[in-house]
């Protein structure tokens with residue numbers, strides 16, 4: 001049969017596809033289809049794997065959180081109502097007239113009520129509590145429980161979060177929150193705006209897309225997004241922001257897969273912690289937990305309606321709706337969100353109106369977030385380096401409790417910023433010419449309380465307090481005098497030292513002939529006066545007598561880590577030291593010769609609060625107590641009658657201070673370093689280009705230093721002689737033992753056993769001396 | 001090079017400077033006796049000053065009047081041992097500490113009793129920050145550091161307490177005990193013995209006084 005039709009078929013055979021071909025094609029399609037399916041399955045499996053790895057252990061690299069030292073409240077604390085209000089507001093507490101919940105307070109001149117937040121300290125959790133304070137003229141008079149009225153001895157406020165340690169590039173930062181900690185309004189409001197069908201869809205929402213189109217068309221602009229929360233999460237988690245079909249495709253499948261593996265609540269919680277909500281320099285603000293601190297300086301649980309609405313609004317575009325940069329746009333967006341809240345019945349009409357009336361109330365400056373003290377956080381990082389891996393610090397959510405005292409830090413920042421501007425103005429220097437750095441530490445414990453690395457205190461670049469090693473000039477002098485005073489048989493505070501020209505041939509064959517700052521000679525000077533007036537010639541003379549080696553040793557014992565060249569110019573401060581190290585060295589004197597290595601950290605815990613490391617107070621006696629007391633006494637004379645005396649135009653007379661000015665050649669560096677009973681402070685002023693700026697230590701740094709001391713509310717220096725020191729009245733003319741017969745007498749400390757034994761001619765007691773008898777004969 | 005140093009008599013050229021200084025200084029004269037501490041001034045009371053002769057007080061005038069003129073700066077004279085009359089030093093932290101500090105010290109005691117040395121030192125360090133010169137706090141810190149086997153630090157902290165105690169034998173007794181134990185633990189037998197001698201001395205004085 002087939003054969004019969006064989007004639008025609010020549011043409012037809014071209015039309016009829018051979019069966020073998022059909023089979024072949026089918027096979028190819030099938031194979032391709034199968035391959036496609038296999039590839040697709042692989043694709044899905046790989047997506048699935050990605051999702052699960054990313055999601056399983058969650059999941060986020062958590063930068064270490066850095067906390068300031070907590071404010072301790074107790075009866076006797078020198079803190080008035082104004083100060084307390086400031087402290088509380090800095091902590092993000094809200095003056096609400098009555099206690100509405102954690103993080104609120106009410107306050108007047110007589111007292112304050114505070115609803116103290118719960119906080120997990122390194123030594124355990126502390127529950128929230130309500131306390132009452134009473135003030136008197138001296139500060140806090142009493143602290144008691146607001147409910148029971150029972151007295152409380154001491155209450156630790158929650159410490160301020162001052163920064164976090166995130167990776168250098170593209171650092172993501174976040175503060176994790178659990179879904180149950182998220183305020184209901186935020187959770188429901190977020191879904192009302194971003195994804196109304198969240199609890200019904202399977203990852204993608206057709207209805208959502210249609211409704212968004214409709215709503216946006218009606219509104220004339222984009223009000224709702226079409227992506228579900230799941231899709232947005234996937235986008236944030238895995239994908240880049242390019243708008244390609246491949247990405248859309250990936251996003252869709254990943255969303256569906258995510259929904260198959262995880263509960264709605266898990267997904268929502270991840271979303272709340274992941275979503276990008278702002279930028280702070282190169283630190284990306286992720287999640288509502290951190291955004292709440294970043295924008296409002298308080299925990300999520302304390303946000304009010306209008307604040308919740310702003311955060312929800314920012315989701316749509318953190319940069320476009322940045323409330324600090326684009327406040328008008330951000331407020332419009334916030335108010336729109338508030339209307340959606342009302343429309344969905346989350347708030348009522350009155351609440352909506354009240355919220356719309358409110359300003360944005362964003363905390364901090366235009367740039368400012370919680371990254372407030374870059375120079376201090378820099379110090380913290382350096383101290384942690386070597387003890388922790390970088391990844392531990394950037395990923396593990398460690399909690400770092402530091403020594404930063406926000407009050408001291410603030411006083412330092414304010415006085416440096418204002419002081420430089422005022423000095424420039426009065427000296428007719430172009431604004432912005434001067435740079436500065438400063439350090440405040442505690443006496444005895446080695447705590448770094450505040451640190452400023454440059455004039456722009458928010459700038460995290462060059463940290464002059466740590467890295468700018470410059471000549472310290474006369475700041476070195478106390479160590480020369482201390483070295484001499486250690487030799488009680490040779491020197492005491494009233495030993496006379498010549499103020500005469502000196503010419504020294506240096507190993508380089510050059511002649512070194514130092515001069516006094518005023519280029520004058522003042523005749524022999526009592527040792528303490530030579531220091532008080534910062535005379536160079538007596539200092540060099542004394543230094544040469546005790547030797548370069550001995551002075552270098554004293555510098556090192558005080559905490560100087562360098563290796564000074566053993567040349568006479570060392571006595572006048574030809575040693576390069578960073579401000580923080582000056583604070584260390586002066587701190588050793590302030591603590592009576594006991595050196596405490598400076599530390600910025602007290603404790604480190606895991607993110608769950610398990611203690612990892614404590615940094616106990618460390619002390620070591622490195623300088624002898626008696627001579628240190630004598631040089632401290634001489635440094636109080638610097639303040640009373642020497643180069644530091646202008647400080648008493650600023651601080652009250654009752655505040656005993658010890659300090660020393662420092663000026664370098666051609667007025668390139670202006671230093672002042674000194675201490676009270678409980679604070680050491682160092683201030684440097686100069687120019688980055690090392691050019692002369694025309695300021696001495698007394699005209700530049702001291703201006704800032706004395707105002708700083710005034711604002712620190714420090715305790716005065718307490719001059720109680722140690723056992724190996726005795727005090728004796730001296731006749732200031734002869735330096736001999738004086739009594740009420742001498743018109744000009746001064747109580748001077750001596751190393752025990754080395755006070756002069758003979759009476760001065762003016763002393764009444766001297767009259768019974770044989771000398772008097774002899775004199776009478778001649779008369 | 002002309003380096004000279006004149007022991008005392010101001011040269012003629014120094015007189016104007018010295019006189020100028022004396023004018024400024026005459027205001028600085030303070031009586032030697034009552035030297036109350038301004039610490040801790042935040043709690044509204046002052047540390048009672050030792051009532052016995054303080055280290056700063058002059059020897060009785062007249063004692064040296066019989067001497068023939070001596071060099072202006074006499075060589076060190078062996079100082080007579082201080083009289084063994086015990087001044088009224090505070091015996092416990094209660095006498096010089098604020099309520100806040102006492103409360104932290106109490107916390108530290110119970111933490112220490114429970115073997116929680118970190119908690120104990122943490123509480124004491126908080127107290128130290130409130131009253132940096134409270135030698136009872138430093139002394140207690142020394143004991144806790146000893147418990148924590150931070151021997152070097154324990155010794156230094158006890159020395160620091162001694163330095164601030166300005167002769168308070170009750171505190172010094174405790175501190176020397178800590179120092180002796182810390183030195184012993186570090187294998188410094190001689191140092192430990194020296195510290196023990198101090199302990200014995202003070203105990204003898206206390207028993208005698």
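Brief remarks on what is shown
- Where helices (runs of 4 or more DSSP H) fall entirely within the stretch A:1-106, those with at least 1 residues that are loosely packed, with under 14 Cβ neighbours inside 10 Å and modelled with pLDDT of 90 or more are at A:81-90.
- Filter result for residue A:482 (in a helix (DSSP H, G or I), closer than 17 Å to residue A:413 by Cα and away from chain B (no Cβ under 14 Å)): no
- Inclusion of residue A:619 among residues that are within 13 Å of another protein chain (Cβ to nearest Cβ) and within 19 Å of residue B:116 (Cα to Cα) is not warranted.
- Any hit, the stretch B:100-117, residues being more than 29 Å from residue A:408 (Cα to Cα), touching a helix residue (DSSP H, G or I) at 6+ places or on another chain (Cβ under 8 Å) and within 12 Å of chain A (Cβ to nearest Cβ): yes
- Checking each residue in the stretch A:107-123 for being surrounded by 14 or more Cβ atoms within 10 Å (Cβ to Cβ) and within 20 Å of residue A:400 (Cβ to Cβ) picks out A:117, A:119, A:120, A:121, A:122, A:123.
- One residue from B:76, B:55, B:71 being at pLDDT below 55 and within 29 Å of residue B:154 (Cβ to Cβ): B:55
- Qualifying residue in the stretch A:680-697 (condition: within 11 Å of chain B (Cβ to nearest Cβ) and either at pLDDT 90 or above or not in a loop (DSSP other than H, G, I, E, B) (or both)): no
- Of all the listed residues (A:315, A:328), the sole one being on the phi < 0 side of the Ramachandran plot and touching a helix residue (DSSP H, G or I) at 6+ places or on another chain (Cβ under 7 Å) is A:315.
- Some residue of the stretch B:122-133 being surrounded by fewer than 20 Cβ atoms within 10 Å (Cβ to Cβ), assigned to a helix (DSSP H, G or I), over 16 Å from the mean Cα position of the chain (by Cα) and at pLDDT 95 or above: no
- Among the conditions (1) away from chain B (no Cβ under 14 Å); (2) in contact with a strand residue (DSSP E or B) (Cβ under 7 Å, 6 or more places away or on another chain); (3) surrounded by fewer than 21 Cβ atoms within 10 Å (Cβ to Cβ); (4) under 30 Å from residue A:399 (Cα atoms), residue A:608 misses just one, which is (2).
- The stretch A:492-543: number of residues that are more than 10 Å from chain B (Cβ to nearest Cβ), farther than 15 Å from residue A:476 by Cβ and either crowded, with 24+ Cβ neighbours inside 10 Å or in contact with a strand residue (DSSP E or B) (Cβ under 7 Å, 6 or more places away or on another chain) (or both): 4
- With respect to the conditions (1) out of contact with any strand residue (DSSP E or B) (no Cβ under 6 Å at 6 or more places or on another chain); (2) in a loop (DSSP other than H, G, I, E, B); (3) surrounded by 19 or more Cβ atoms within 10 Å (Cβ to Cβ), residue A:647 lacks only one, and its number is (2).
- For residue A:279: the one exception among (1) surrounded by fewer than 20 Cβ atoms within 10 Å (Cβ to Cβ); (2) part of a helix (DSSP H, G or I): (2)
- Note on the stretch A:44-82: residues that are touching a residue at least 24 places away in the same chain (Cβ under 8 Å) and more than 14 Å from chain B (Cβ to nearest Cβ) total 19.
- Residue in the stretch A:124-143 that is part of a loop (DSSP other than H, G, I, E, B), in contact with a helix residue (DSSP H, G or I) (Cβ under 7 Å, 6 or more places away or on another chain) and buried (at least 16 other Cβ atoms within 10 Å of the Cβ) present: no
- Checking residue A:457 against (1) touching a residue at least 40 places away in the same chain (Cβ under 8 Å); (2) in a loop (DSSP other than H, G, I, E, B); (3) within 14 Å of another protein chain (Cβ to nearest Cβ), the condition it does not meet: (3)
- Every test in (1) surrounded by fewer than 24 Cβ atoms within 10 Å (Cβ to Cβ); (2) more than 11 Å from every other protein chain (Cβ to nearest Cβ); (3) touching a residue at least 40 places away in the same chain (Cβ under 8 Å); (4) closer than 22 Å to residue A:593 by Cβ is passed by residue B:174 save one, and that test is (3).
- When residues in the stretch A:688-732 are screened for being over 22 Å from residue A:645 (Cβ atoms) and over 34 Å from the mean Cα position of the chain (by Cα), 11 of them pass.
- Taking (1) more than 15 Å from residue A:143 (Cβ to Cβ); (2) in contact with a strand residue (DSSP E or B) (Cβ under 6 Å, 6 or more places away or on another chain) in turn, residue A:77 satisfies each apart from (1).
- Reported count of residues in the stretch A:729-758, each being surrounded by 23 or more Cβ atoms within 10 Å (Cβ to Cβ), touching a strand residue (DSSP E or B) at 6+ places or on another chain (Cβ under 8 Å) and facing chain B (nearest Cβ under 7 Å), is 6.
- Scanning the stretch A:344-354 finds no residues that are over 13 Å from the mean Cα position of the chain (by Cα) and under 24 Å from residue A:466 (Cβ atoms).
- The set of residues in the stretch A:347-362 that are surrounded by fewer than 19 Cβ atoms within 10 Å (Cβ to Cβ) and in a loop (DSSP other than H, G, I, E, B) comprises A:348, A:358, A:359, A:360, A:361.
- Only one of A:309, A:284 that is modelled with pLDDT of 95 or more and crowded, with 18+ Cβ neighbours inside 10 Å: A:309
- Among the residues listed as A:448, A:443, A:546, the single one being in contact with a helix residue (DSSP H, G or I) (Cβ under 6 Å, 6 or more places away or on another chain), farther than 28 Å from residue A:694 by Cβ and crowded, with 24+ Cβ neighbours inside 10 Å: A:443
The values are calculated or read from the model by the stated rules, or taken from the named source; none is laboratory data. Keep in mind that what you see is a predicted model, and the values were worked out from it rather than measured. Methodologically, a virtual Cβ is constructed for each residue, glycine included, from the backbone with ideal geometry; neighbour enumeration extends over all protein chains shown.
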